[in-house]
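Remarks on the structure that follows.
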Amino acid sequence: MARKLVIVESPTKSRTIGGYLGDDYDVVSSIGHIRDLPQPSELPAGKREGSIGKFAVDIENGFTPYYVVSPEKKKVVADIKSRLKDAEEVYLATDEDREGEAIAWHLLEVLKPSVPVKRLAFHEITREGIARAMENPRDIDMELVEAQEARRILDRLYGYEVSPVLWRKIQQGLSAGRVQSIALRLVVDRERERMAFQAAEYWDLTASFTAVEGPDAGRTFEAKLTTVDGRRVATGKDFDDRGVLKSDKVEHITGATAGALASGLANAEFTVVGVESKPYKRRPAAPFITSTLIQEASRKLRLGARDAMRVAQGLYERGYITYMRTDSPTLSGEAIRAARAQAAELYGSDSVAPTARVYSTKDTNAQEAHEAIRPAGDRFRTPDSVRAELRGDEFRMYELIWKRTVASQMADAVGSTSTVRLGARSAAGHAVEFSASGTIITSPGFLAAYEESREESRYESEKKAAVTEADERLPQLSEGQPVTASDIEPVTHSTTPPPRFTQGSMIKELEDRKFGRPSTYASTVDLIIARGYVRVDKQALVPTWIAFAIVGLMEQHFSWLIDYDFTADMEEDLDRIARGEADMREWLSRFYFGSGESGAEGRDEGLKHLVDDLGEIDARAVNTFPVGDGISLRVGRYGPYIERERDGETQRASVPEDVAPDELTVAKAEELFASQGGEERELGVHPETGLPVVAKAGRFGPYVTEVLPEDSKSKPRTASLFKSMQLETVTLEDAVKLMSLPRVVGVAPDGEEITAQNGRYGPYLKKGTDSRTLASEDQLLDIGLEEALAIYAEPKRGRGRTAAPPLREFGVDPVSEKPIVAKSGRFGDYITDGVTNVTIPRGDTVESLTPERAVELLAEKRAKGPAKKPARRAPAKKKAAPKKK
């Protein structure tokens, strides 16, 4: 019987939609893209030469891409084709963004259906949303397809031309990308600002004041010094990053001045010199778009960009929220009505805004056809109603989206802000003023449901002019009233360097500068972390020295590719292609071959001319950064190290990963030289060889070694110290034992010799080809044959490990009914119930994990299903030998 075939890109989405459509529809998933540009090495023999061979794009004939069905998708395509034979109609229901439009087009190109084809766009996977989509099918939007295709080809050209330069001059395996490289530059530029930063010290005074008269007599509050002799007291924002005052119109209070003022005001008579009260009003934040959701998930839920998008994707595909890739804060009429009704029901009719709030974006390139991210449906499900269905991060994310959406239609928070100024003269005759402010919220409005969090700005603490709590008020005072002062204390401050980006603030920066699209932000930030160019330290993005080398090389030799303005302009050009205002092929030709004109910084010369005319790039210079005092940092094959010439010899010391670039000062470098390259310790003479034995600090850790005669051509015996040993206390006996490794433990009953060895993954026993992990390095020196045989008698586990006791127990899992324990694995600590394993996320530890949290993590992992194994590639066929003529 003929059925209607619906093709989506996600298995979860197919199951959800299938449940709504019923038996007349066959819903199948393409599991993402079914075809793409192949690697040039995977092109057919006849395509590897000429204009297609370098990029799998015919650059000389209109930049025509050569697509192939991905090997792992051939079975998927075959299954869809078999279902197509019995279909009377095809619905392409992939996501409604450019990527989804391209997937639909690729499906159409590969399947070539002979039955009618309709394009559906589900903004939400609910019964109502699907019904609306079915009533409004459309054709594939080829302008959106071309926009995605232009991006894909651009990224291929960019990456394939620039990345090989990084391989040759810095390190194999590095990559460059249109948005990736510019994001990396943002992180490096911020670190450079921190490295150049010079702190400035400044002081002020704080004091406690008590009302003497009026209804609040006796009430105490705190205030701080704001002016001296009519000049505003300098705060951190008044200094530049070199520690110099930006203006001479402010008063820089030093420690001596602050102390003198405090003493001179000890017996001063203070009066109220000014009272101001202003109305306070605050509007709710707009509903979520992709970038603001990631930022808020980072701040409130402590989720990284990738994890935030993964959780949101799951909620969308299961029908809980609307589409999560959008840059429009607009709500549909149905959503506005639902939000207003729910706000009135839960918080009272007075909490709802008098008229519907309509949000829009100033970005002319925003995809306004998409709605904001909100709870799905024409009537929202409250967090309490889905608590049994959603767990962990999914529930917290849904609650966040629900609160933000409902709050967006609620009334303003209103109240008043009062500021009081208190004046006196010091014993030395200086006129001073202290001030304090406080805000009283009289009607919370949207704050009853939700308050947007934000990252504290660089000078946030200085904006808090008073110590009064936000929900408290200052005493009622009037001008001319006396007040008493006590506890007048000098307070010292130091200016702080520009804060590093977090994942959330980086995404905001990308959005503000219009680099990339909302759908790419999470993957961009995740990519520079995953590739090791940036590490995350307490949520801050810290660049590695590899990042400095990449950005430095690109600034010198690919300057316009990594220029901030050019990158934003390029994004605008791609959006013009999406709107049908520019031709994809002409634009790609201008980018790659150039326009023939002489543009700013050689931009109009084109990428090809740039890589063909790079000139000589000094790899050593690219990977070298001056520290000071003749010390340089170099990026080496095995990591960064510092180097200098001292007394005709080269001194080197490795730089630990946890030392951030802005922390590598001359003083820190001297410390590293001292700890790693100090004088060697003579331990004595080896009892067997008669050679001196010394202990040294090397680039890869402390070690012991023999000292050979100058004319010797053999290699000295060398061994690294165990983790439990210290360079300062290691003995000759320890050194002899270390250099004796690998050690023969004994001979097994089957005649095989058992040895104890130290390897890449730690200490282990070896018997023929059978290896077993030891619990500690110390066992290498003292394990006996009997103990070794006992280890081999146990069942082999994993990489030859014997079972280690659990780190902690959490009780019984309610689903599997098996005990949950924490263990230490090769890739870190994890929890398991014997069936499902979950790596303990960043931010959690074995010690801090609660049984409830352990159950949540296991439930989330089960909901995702098993990880898919990558398809195996068939072995390459050997080329036939040429026939002899």
- [ ] Kindly provide the set of residues from region 16-39 that are of a type outside the set (A, V, I, L, M, F, W, C) and over 31 Å from the mean Cα position of the chain (by Cα), ordered by number.
- [x] G18, G19, Y20, G22, D23, D24, Y25, D26
- [ ] Among the numbered conditions (1) open to solvent by 60 Å² or more (accessible area, probe 1.4 Å); (2) not in a strand (DSSP E or B), tell me where E88 comes up short.
- [x] (2)
Task: Subset of region 528-537 that is not β-branched (V, I, T) and not in a loop (DSSP other than H, G, I, E, B) - its residue that is surrounded by the most Cβ atoms within 10 Å (Cβ to Cβ) - done: R535
- [ ] Kindly indicate whether any position in region 4-13 is open to solvent by 20 Å² or more (accessible area, probe 1.4 Å), part of a helix (DSSP H, G or I), modelled with pLDDT under 90 and over 28 Å from A150 (Cα atoms).
- [x] yes
Task: Of residues in region 734-761 being assigned to a helix (DSSP H, G or I) and not hydrophobic (A, V, I, L, M, F, W, C), the one most open to solvent (accessible area, probe 1.4 Å) - done: K737
Task: Tabulated pairs, region 143-171, first open to solvent by 30 Å² or more (accessible area, probe 1.4 Å), second in a helix (DSSP H, G or I) and of a type in the set (G, A, S), C-beta under 7 angstrom, 6+ apart or interchain - done: E143/A578; L144/A578; K169/A619
Open item on the list: All but one of (1) more than 30 Å from E794 (Cβ to Cβ); (2) open to solvent by less than 40 Å² (accessible area, probe 1.4 Å); (3) free of Cβ contacts under 8 Å to residues at least 40 places away in the same chain hold for R717; state the number of the condition that does not hold.
Closed with: (2)
TODO: Find the residue count for region 279-317, including only residues that are of a type in the set (A, V, I, L, M, F, W, C), out of contact with any strand residue (DSSP E or B) (no Cβ under 8 Å at 6 or more places or on another chain) and either part of a helix (DSSP H, G or I) or over 24 Å from A411 (Cα atoms) (or both).
DONE: 8
Task: Single residue of region 777-796 satisfying the filter (in a loop (DSSP other than H, G, I, E, B) and in contact (Cβ under 8 Å) with a residue 24 or more places away in the chain) that is most open to solvent (accessible area, probe 1.4 Å) - done: K796
Task: Boolean, K868 is over 30 Å from A748 (Cα atoms), modelled with pLDDT of 80 or more, open to solvent by 60 Å² or more (accessible area, probe 1.4 Å) and charged (D, E, K, R) - done: no
- [ ] Answer with yes or no whether M324 is under 30 Å from S519 (Cα atoms), without any contact (Cβ under 8 Å) to a residue 60 or more places away in the chain and crowded, with 22+ Cβ neighbours inside 10 Å.
- [x] yes
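Looking at G690, is it among the small types (G, A, S), open to solvent by 40 Å² or more (accessible area, probe 1.4 Å) and either on the phi > 0 side of the Ramachandran plot or in a loop (DSSP other than H, G, I, E, B) (or both)?
Considered against the rule, which asks whether it is among the small types (G, A, S), open to solvent by 40 Å² or more (accessible area, probe 1.4 Å) and either on the phi > 0 side of the Ramachandran plot or in a loop (DSSP other than H, G, I, E, B) (or both), G690 comes out as yes.
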Open item on the list: Suppose we keep only residues that are open to solvent by less than 30 Å² (accessible area, probe 1.4 Å) and modelled with pLDDT under 90 within region 100-122. Which one would you say is nearest to I80 (Cα to Cα)?
Closed with: G100
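Across region 188-216, what is the number of residues that are closer than 30 Å to V551 by Cβ and outside any helix (DSSP H, G or I)?
4
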TODO: Only one of these is open to solvent by 30 Å² or more (accessible area, probe 1.4 Å) and assigned to a loop (DSSP other than H, G, I, E, B): R242, R232. Name it.
DONE: R242
TODO: Among the residues of region 245-259, write down those that are part of a loop (DSSP other than H, G, I, E, B), touching a residue at least 12 places away in the same chain (Cβ under 8 Å) and open to solvent by 40 Å² or more (accessible area, probe 1.4 Å).
DONE: K249, H252, T254
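Yes/no per residue for (1) farther than 28 Å from G480 by Cβ; (2) more than 30 Å from the chain's Cα centre (by Cα); (3) of a type in the set (G, A, S):
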site	(1), (2), (3)
E193	yes, no, no
A196	yes, no, yes
A200	yes, yes, yes
K237	yes, no, no
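Residue-wise test of (1) assigned to a strand (DSSP E or B); (2) polar (S, T, N, Q); (3) modelled with pLDDT under 85; (4) more than 30 Å from R152 (Cβ to Cβ).
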residue	(1), (2), (3), (4)
A582	no, no, no, no
R590	no, no, no, no
E597	no, no, yes, no
G602	no, no, yes, no
G615	no, no, yes, yes
P626	yes, no, no, yes
L633	yes, no, no, yes
E643	yes, no, no, yes
V659	no, no, no, yes
- [ ] Pull up region 797-822, narrow it to residues that are closer than 30 Å to A748 by Cβ and loosely packed, with under 13 Cβ neighbours inside 10 Å, then point me to the one that is modelled with the lowest pLDDT.
- [x] R799
TODO: Tell me which residues, restricted to region 28-74, are on the phi > 0 side of the Ramachandran plot, open to solvent by 40 Å² or more (accessible area, probe 1.4 Å) and modelled with pLDDT of 90 or more.
DONE: none
- [ ] Could you please find all residues in region 34-49 being in a loop (DSSP other than H, G, I, E, B) and more than 24 Å from D583 (Cβ to Cβ)?
- [x] I34, P38, Q39, L43, P44, R48, E49
- [ ] May I ask you to list pairs of residues, at least six apart or on different chains, whose Cβ atoms are under 8 Å apart, with the first in region 738-750 being over 27 Å from S720 (Cα atoms) and the second being open to solvent by 10 Å² or more (accessible area, probe 1.4 Å) and assigned to a strand (DSSP E or B)?
- [x] A748/K767
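Each row is one residue, and each column tells you yes or no for (1) modelled with pLDDT of 95 or more; (2) closer than 17 Å to S435 by Cβ; (3) not basic (K, R).
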{"site": "L186", "(1), (2), (3)": "yes, no, yes"}
{"site": "V212", "(1), (2), (3)": "no, no, yes"}
{"site": "T227", "(1), (2), (3)": "yes, yes, yes"}
{"site": "S247", "(1), (2), (3)": "no, no, yes"}
Open item on the list: I'd like the full set of residues that are more than 24 Å from Y66 (Cα to Cα), part of a helix (DSSP H, G or I) and touching a residue at least 24 places away in the same chain (Cβ under 8 Å), limited to region 92-133.
Closed with: R127, E128, G129, I130, A133
TODO: Restricting attention to region 304-313, report how many residues are over 11 Å from A522 (Cα atoms) and either crowded, with 24+ Cβ neighbours inside 10 Å or modelled with pLDDT of 90 or more (or both).
DONE: 2
Open item on the list: Condition first: touching a strand residue (DSSP E or B) at 6+ places or on another chain (Cβ under 7 Å) and among the charged types (D, E, K, R). Now tell me which residues in region 52-72 satisfy that.
Closed with: D58
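Per-residue answers, yes or no, for (1) crowded, with 19+ Cβ neighbours inside 10 Å; (2) at pLDDT below 95:
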| residue | (1), (2) |
| --- | --- |
| M506 | yes, yes |
| F515 | yes, yes |
| P518 | yes, yes |
| D526 | no, yes |
| Q539 | no, yes |
| I550 | yes, no |
Open item on the list: With the requirement that a residue be of a type in the set (G, A, S) and either on the phi > 0 side of the Ramachandran plot or in contact with a strand residue (DSSP E or B) (Cβ under 9 Å, 6 or more places away or on another chain) (or both), what does region 135-182 give you?
Closed with: G173
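The values are calculated or read from the model by the stated rules, or taken from the named source; none is laboratory data. Note that the coordinates shown come from a computational prediction; the quantities given were computed from them, not determined experimentally. Ideal geometry is used to build each Cβ from the backbone, glycine not excepted, and the neighbour counts take in all protein chains shown. To get the accessible areas, we keep the full protein, side chains included, count just its heavy atoms, and leave off ligands, DNA and RNA. Shrake-Rupley method; radii C 1.70, N 1.55, O 1.52, S 1.80 Å.
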